[in-house]
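S.K.: The structure that follows is given in the form of structure tokens.
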Amino acid sequence: MSNTPEIGSRTRTRAIMEKYGIHTKKSFGQNFLTDLNVLKNIVDAAEITKEDNVIEIGPGIGALTEQLAQAAGQVLALEIDTDLIPVLGEVLEPYDNVKVVNQDVLQANLPELIKAEFTDPDKPIKVVANLPYYITSPILMNLLASPVEWSAICVMMQKEVAERLTAKPGTKQYGSLTLAIEYQMTAEIAFNVSRRVFVPAPNVDSAIVVLKPRVDELPVKPFDKSKLFGFVRGCFSHRRKSLWNNLQSTIGKQPETKEKMQEVLDQLELSPQVRPERLTLVEFIELANALHENNLM
Ligand code: SAM
């Protein structure tokens, strides 16, 4: 094994793809990472130690999995592509702390898998992945909705999506995805990754984002989390329009409704002309709570 180049090297990736006749599948967002520095930097950014249980989403041919296996206590990898399962079985054979399951991450019962597959499920659990880009947002939303307390989520995604996750109020990238993340986690871009290090090269550059659980509690709690985010999405449905216009489309245009909405905005000292992207998470929560108290939500 010592003379075999690591899976993430260009030569080994090519050799594995040739040996097993692998043709990457666009429908599964398969872009294999072939740069050992980038792979090792991902593991560093996730601060993986032998104390960690790691879940990897989409191991592909195992380039990142191998690096994770060397750094982590145990690795559980979920791969949707049945054709890759025997390949992963062979290339990861030297690592007895890796388990690969043939599952769609969006259908998987993660709490059950964690209980069944990790020797000590109470150790910190981190998600590390080079995500399939076509389902980045659904995967993140699923992870955040899960009852599992992630100690960190360190994932590669399209740079543009990474910028939305970490955006500040008042910017073009700021929106309902930013707020849904901010509600539970802090988000930071660890580093950017050129499209040239993938096989095949995607049409976009990428970035590694590290999400960690919020340490501080939010100063206000929403009356209902899922209604809050339904409302936030409604407020961003016409980004170029004012908050007032968006409120009318989501809540209603009846004179009585408008009068009550105006009262709520006055009470919160929010200008009806403000654009939704100017509002902070706390302001959205206060607005939703006040609308709820006035029977408008
Ligand atoms: N980790 C590998 C690497 O870095 O080279 C492959 C990353 S590739 C961008 C995304 C991987 O996710 C592919 O292996 C693909 O088959 C897998 N995948 C796509 N959709 C999935 C899903 N719903 N559940 C689990 N894996 C999925």
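S.K.: Condition first: under 21 Å from Tyr133 (Cα atoms), open to solvent by less than 50 Å² (accessible area, probe 1.4 Å) and hydrophobic (A, V, I, L, M, F, W, C). Now tell me which residues in the stretch 89-110 satisfy that.
M.R.: Result: Val100, Val101, Val105, Ala108, Leu110.
S.K.: Ok, one more. Determine whether Pro219 is exposed (fewer than 14 other Cβ atoms within 10 Å of the Cβ), within 30 Å of Gln273 (Cα to Cα) and in contact (Cβ under 8 Å) with a residue 40 or more places away in the chain.
M.R.: Working: exposed (fewer than 14 other Cβ atoms within 10 Å of the Cβ): yes; within 30 Å of Gln273 (Cα to Cα): yes; in contact (Cβ under 8 Å) with a residue 40 or more places away in the chain: yes.
Against the criterion (exposed (fewer than 14 other Cβ atoms within 10 Å of the Cβ), within 30 Å of Gln273 (Cα to Cα) and in contact (Cβ under 8 Å) with a residue 40 or more places away in the chain), Pro219 qualifies.
S.K.: Let me ask another. What residue, of Leu140, Leu131, Leu144, Leu113, is surrounded by 18 or more Cβ atoms within 10 Å (Cβ to Cβ) and farther than 14 Å from Ala77 by Cβ? Walk me through it before giving the result.
M.R.: Values: Leu131 fails: farther than 14 Å from Ala77 by Cβ; Leu144 fails: surrounded by 18 or more Cβ atoms within 10 Å (Cβ to Cβ); Leu113 fails: farther than 14 Å from Ala77 by Cβ.
Result of the check over Leu140, Leu131, Leu144, Leu113: Leu140.
S.K.: Same structure again: Hey, among Val91, Val75, Val98, Val127, which residue is β-branched (Val, Ile, Thr), under 17 Å from the mean Cα position of the chain (by Cα) and more than 11 Å from the ligand (Cβ to nearest atom)?
M.R.: Values: Val91 fails: under 17 Å from the mean Cα position of the chain (by Cα); Val75 fails: under 17 Å from the mean Cα position of the chain (by Cα); Val98 fails: under 17 Å from the mean Cα position of the chain (by Cα).
Within the list Val91, Val75, Val98, Val127, the selection yields Val127.
S.K.: List the residue pairs whose Cβ atoms are under 8 Å apart, where the first residue sits in the stretch 18-38 and is under 18 Å from Arg195 (Cα atoms), the second is of a type in the set (Lys, Arg), and the two are 6 or more positions apart or on different chains.
M.R.: Note: pairs meeting the criteria are Thr34/Arg10.
S.K.: Now a separate question. Would you mind stating whether Ala77 is in contact with a Ser or Thr (Cβ under 7 Å, 6 or more places away or on another chain), closer than 20 Å to Leu143 by Cα and crowded, with 21+ Cβ neighbours inside 10 Å? First the steps, then the outcome.
M.R.: On the way: in contact with a Ser or Thr (Cβ under 7 Å, 6 or more places away or on another chain): yes; closer than 20 Å to Leu143 by Cα: yes; crowded, with 21+ Cβ neighbours inside 10 Å: yes.
Yes, satisfied.
S.K.: Now for a separate question. Any residue in the stretch 45-59 that is within 12 Å of the ligand (Cβ to nearest atom) and either open to solvent by 40 Å² or more (accessible area, probe 1.4 Å) or without any contact (Cβ under 8 Å) to a residue 60 or more places away in the chain (or both)?
M.R.: Quick first cut of the stretch 45-59, residues within 12 Å of the ligand (Cβ to nearest atom) only: 55-59.
Next cut, either open to solvent by 40 Å² or more (accessible area, probe 1.4 Å) or without any contact (Cβ under 8 Å) to a residue 60 or more places away in the chain (or both) only: 59.
Checked the stretch 45-59: at least one residue is within 12 Å of the ligand (Cβ to nearest atom) and either open to solvent by 40 Å² or more (accessible area, probe 1.4 Å) or without any contact (Cβ under 8 Å) to a residue 60 or more places away in the chain (or both).
S.K.: Counting only residues that are surrounded by 16 or more Cβ atoms within 10 Å (Cβ to Cβ) and not basic (Lys, Arg), how many does the stretch 1-44 have?
M.R.: Here the count works out to 23.
S.K.: Any idea which of Thr65, Thr82 is within 13 Å of the ligand (Cβ to nearest atom), of a type in the set (S, T, N, Q) and open to solvent by 30 Å² or more (accessible area, probe 1.4 Å)?
M.R.: Unique residue meeting the criteria: Thr82.
S.K.: So Asn203 passes all but one of these: (1) without any contact (Cβ under 8 Å) to a residue 60 or more places away in the chain; (2) surrounded by 13 or more Cβ atoms within 10 Å (Cβ to Cβ). Which condition number does it fail?
M.R.: Of (1) without any contact (Cβ under 8 Å) to a residue 60 or more places away in the chain; (2) surrounded by 13 or more Cβ atoms within 10 Å (Cβ to Cβ), only one is false for Asn203: (2).
S.K.: Name, by its number, the condition in (1) within 16 Å of the ligand (Cβ to nearest atom); (2) under 24 Å from Val193 (Cβ atoms) that does not hold for Ala152.
M.R.: If we test Ala152 against (1) within 16 Å of the ligand (Cβ to nearest atom); (2) under 24 Å from Val193 (Cβ atoms), just (1) comes out false.
S.K.: Val210 - would you say it is aliphatic (A, V, I, L, M), open to solvent by 30 Å² or more (accessible area, probe 1.4 Å) and modelled with pLDDT of 95 or more?
M.R.: Details: aliphatic (A, V, I, L, M): yes; open to solvent by 30 Å² or more (accessible area, probe 1.4 Å): no; modelled with pLDDT of 95 or more: yes.
So Val210 fails the test.
The values are calculated or read from the model by the stated rules, or taken from the named source; none is laboratory data. Note that this is a predicted model, so its numbers are computed, not measured. Cβ: placed from backbone, ideal geometry, glycine included. Neighbour counts: every protein chain shown. For accessibility, only protein heavy atoms count, side chains too; no ligands or nucleic acids. Shrake-Rupley method; radii C 1.70, N 1.55, O 1.52, S 1.80 Å.
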